[in-house]
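These notes are about the structure you will find just below.
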Amino acid sequence: HTHAPGHVRLGWCTNKAELQAPVGFDAHGYSYRDLEGSRVHQGLREPYGAAYGEGDVVGLFLHMPEGGHPIEVQSQDVVRFKGSLYYVNEPEPTPKTLLGSTIAFSLNGQSQGAAYKDIPEGTYYPAASLYTMPEQTEGVTVAFNFGPHFAYAPPQVDGCPAARAWCELAVPQEQPPASAAPL
């Protein structure tokens, strides 16, 4: 919830997003802003949905279809040079546009529609930016609910499969028994 004049941006970022800037400041983040309900990406605000404030419930939706790849370094080789260990720096891959990917938001159970489509591949994380003014004595807070129980059912986003709770996606995949032969 916010206390005037506090403000919030909610959205999705990769781990490449600038941490000392609001969500949507750069190419690695996408947000839904409380003021005017605008969407923000690469620092550009555009009209999007309804404004929101204290007591409202904002739903965050991300659909990444099959075929995308993480852009983060998965592992690095280590080499010994003159008695010290160093990581081998490999060039980072340039993310490709993942056709069919979608970011959308809902407000108190009402879909605000698709905010962004065909975003770059990568690993995205829910994110929030909270603002206060110098004269403000109370802080701004938000609470994330990763499911499975929500105040409002996730709305259906056109062209996307039904939403699943984040907590369902975080379940570790079953590992084959150690005696299983590789395919």
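The values are calculated or read from the model by the stated rules, or taken from the named source; none is laboratory data. Since we're looking at a predicted model, the values are computed, not measured. Glycine gets a Cβ as well: all are built from the backbone with ideal geometry, and neighbour counts include every protein chain shown. These area figures cover heavy atoms from the full protein model, side chains too; ligands, DNA and RNA do not enter into them. Shrake-Rupley method; radii C 1.70, N 1.55, O 1.52, S 1.80 Å.
The residues of the stretch 126-142 that are open to solvent by 70 Å² or more (accessible area, probe 1.4 Å) and either without any contact (Cβ under 8 Å) to a residue 40 or more places away in the chain or not in a strand (DSSP E or B) (or both), listed by number, are Thr132, Met133, Pro134, Glu135, Thr137, Glu138.
The residues listed here are Gly11, Gly55, Gly49; of these, the one that is open to solvent by less than 70 Å² (accessible area, probe 1.4 Å), closer than 18 Å to Tyr116 by Cβ, over 17 Å from the mean Cα position of the chain (by Cα) and in contact (Cβ under 8 Å) with a residue 24 or more places away in the chain is Gly49. Val79 - would you say it is touching a residue at least 12 places away in the same chain (Cβ under 8 Å) and touching a Phe, Trp or Tyr at 6+ places or on another chain (Cβ under 9 Å)? No.
Report yes if some residue within the stretch 87-102 is within 14 Å of Ala127 (Cα to Cα) and modelled with pLDDT of 90 or more; otherwise report no. Within the stretch 87-102 (the criterion being within 14 Å of Ala127 (Cα to Cα) and modelled with pLDDT of 90 or more), the answer is no, since none of the residues qualifies. Do the conditions hold for Glu18, that is, is it touching a His at 6+ places or on another chain (Cβ under 9 Å), without any contact (Cβ under 8 Å) to a residue 24 or more places away in the chain and farther than 20 Å from Phe144 by Cβ? So Glu18 fits the description; yes. Kindly check whether there is at least one residue in the stretch 117-125 that is under 14 Å from Cys13 (Cβ atoms), modelled with pLDDT of 95 or more and assigned to a loop (DSSP other than H, G, I, E, B). For the stretch 117-125, residues under 14 Å from Cys13 (Cβ atoms), modelled with pLDDT of 95 or more and assigned to a loop (DSSP other than H, G, I, E, B): present. Residues in the stretch 20-46 that are of a type in the set (A, V, I, L, M, F, W, C), surrounded by fewer than 22 Cβ atoms within 10 Å (Cβ to Cβ) and within 16 Å of Gly122 (Cβ to Cβ): Ala27 only.
Reported count of residues in the stretch 147-156, each being at pLDDT below 90 and either out of contact with any Cys (no Cβ under 9 Å at 6 or more places or on another chain) or open to solvent by 80 Å² or more (accessible area, probe 1.4 Å) (or both), is 4.
Candidates in the stretch 74-100 are the residues that are farther than 24 Å from Met64 by Cβ and open to solvent by 100 Å² or more (accessible area, probe 1.4 Å); of these, the one that is farthest from the chain's Cα centre (by Cα) is Lys82.
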